[in-house]
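Q: I'd like to ask you about the structure that follows.
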Amino acid sequence: MTDTARPARWVVVVPVKPAGEGKSRLQVDGARRTDLARAIALDTLAAVAASPRVLQLVVVGDDPQLAREAAMLPAVRFVPDPRPGGLDRAVAAGVEAVDPRAALPRAALLGDLPALRADELTAALDLAADVDRAVVADAEGSGSTLVTAAAGVPWASSFGDGSLARHVEIGCRLLDLPSSSPLRRDVDTLGQLRAALSLGVGPRTAAASAGLSA
């Protein structure tokens, strides 16, 4: 993106499992895990919605409570999860529902990034605007937290264990972000949650995580 070009505005798709099914690897009791899963998703969505580069936030999922709490976010649209199918099918459903002709740049973002800040996402999307496809690695360096495709480029993603290598194979350029970037700190385990807490998380996750930071 040149200095004189108008910054790209993006469709950002975030797949979110129902809170009762999410975060099964978090070692806390089931009720608290449900609260944490929903809080993490809501803080992630709030950060996405606050980025000036986001034209449309598409949430793919079937959690009525999350939908009610996220409904006040700007430019949000909800798409049912086409289960069974997994993350890639959910993301593809979100992309297809909003931009089937690839008229806009599109991104898929994991819904478990509670330390994410709008400025971090904005910076990453600005970097991605210069390439056909881009990917952000997770903090461990093997998975992916963000995948993008430029306008006119067919959508493709391959989330799951070891996804970074697969995304690079399909032509995604790896964006050079520090391992400490909140955009790379997804949360599946208690250790990862504590790492996110050390970076500073959104208010919902902070409240739901009270007593877990030690």
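The values are calculated or read from the model by the stated rules, or taken from the named source; none is laboratory data. In this text the structure is predicted, and so the values were computed from the model without any measurement. Here the Cβ positions follow ideal geometry from the backbone for every residue, glycine too, while neighbour counts run over all protein chains shown. Note: accessible area is taken over every heavy atom of the protein model, side chains too, but ligands, DNA and RNA are not part of it. Shrake-Rupley method; radii C 1.70, N 1.55, O 1.52, S 1.80 Å.
Q: Please state the equivalent ellipsoid semi-axes for the stretch 1-133: what are the square roots of 5 times the Cα gyration tensor eigenvalues, largest first, in whole Å? The partial results should precede the final answer.
A: Working: eigenvalues 141, 54, 31 Å².
Over the Cα atoms of the stretch 1-133, the semi-axes work out to 27, 16, 13 Å.
Q: Across the stretch 189-205, in residue order, what do the Karplus-derived ³J(HN,Hα) couplings come to in whole Hz, using 6.51 cos²θ - 1.76 cosθ + 1.60 with θ = phi - 60° and x for Gly and Pro?
A: 10, 5, x, 5, 5, 5, 5, 5, 4, 5, 7, x, 10, x, x, 5, 5
Q: Now, a different point. Take every Cα pair under 8 Å in the chain that's 6+ residues apart, average their separations, divide by the length, and report that relative contact order as a whole percent.
A: Values: 427 pairs, mean separation 52.6, N = 214.
Reported as a whole number, the value is 25 percent.
Q: Right, next: Using a 1.4 Å probe, what is the accessible area per residue for the chain, in Å²?
A: 45
Q: Within the stretch 1-96, list the GluC sites (Glu not before Pro) lying in a DSSP loop whose Cβ has at most 14 other Cβ atoms in a 10 Å radius. Please report the intermediate quantities before stating the final value.
A: Numbers: sites: GLU21, GLU69, GLU96; in loops: GLU21.
Passing sites in the stretch 1-96 are GLU21.
Q: Still on this model: Find the centroid of the Cα atoms in the stretch 146-198 and in the stretch 72-90, then give the distance between the two in whole Å.
A: Using only Cα atoms, the two centres lie 18 Å from each other.
Q: With r as the distance between the Cβ atoms of LEU190 and ALA5 and R0 = 30 Å, compute the FRET efficiency 1/(1 + (r/R0)^6) and round to 0.05.
A: Values: r = 43 Å, r/R0 = 1.44.
After rounding to 0.05, the efficiency reads 0.10.
Q: About the Cα centre of the stretch 116-214, what is the dipole size in debye to 20, counting +1 per Lys and Arg Cβ and -1 per Asp and Glu Cβ, all else neutral? Could you put the intermediate results ahead of the total?
A: Working: 8 positive and 12 negative charges, 54 e Å.
Using only the charged Cβ atoms, the result is roughly 260 debye.
Q: Same structure, new question: Tally Lys/Arg at +1 and Asp/Glu at -1 over every other residue whose Cβ is under 10 Å from the Cβ of VAL11; what's the total? Don't skip to the answer; put the middle values down first.
A: On the way: positive: ARG9, ARG77, ARG106; negative: ASP99.
Every neighbour counted, the sum reads +2.
Q: With a 1.4 Å probe and every protein chain kept in, tell me what percent of the accessible surface of the chain is carbon plus sulfur.
A: Numbers: 4990 of 9540 Å².
C and S fraction of accessible area: 52 percent.
Q: Given H placed on each backbone N at 1.01 Å, which residues far from ASP186 in sequence or on other chains put an amide H within less than 5 Å of it?
A: Amide H neighbours of ASP186, under 5 Å, 5+ apart: ALA139.
Q: At 222 nm, what helix-only mean residue ellipticity would the chain give, in deg cm²/dmol to the nearest 500, using -39500 (n - 2.57) for each DSSP H run of four or more? Show your work: numbers first, answer last.
A: Working: 7 runs with 74 residues, N = 214.
Taking each H run of at least 4 residues, the total per residue is -10500 deg cm²/dmol.
Q: Please report the antiparallel percentage of the DSSP beta bridges confined to the chain, to the nearest 5. Don't skip to the answer; put the middle values down first.
A: Values: 9 of 24 bridges.
In the chain, DSSP labels about 40 percent of beta bridges as antiparallel.
Q: What FRET efficiency comes out for ALA71 versus ALA118 if R0 is 22 angstrom and r is the Cβ-Cβ distance? Round to the nearest 0.05.
A: Values: r = 19 Å, r/R0 = 0.86.
So the FRET efficiency works out to roughly 0.70.
Q: Return one quarter of the surface area of the convex hull spanned by the alpha-carbon atoms of the stretch 112-211, equal to its mean projected area, in nm².
A: Values: hull surface 25.7 nm².
Dividing the Cα hull surface by four gives the mean projection, 6.4 nm².
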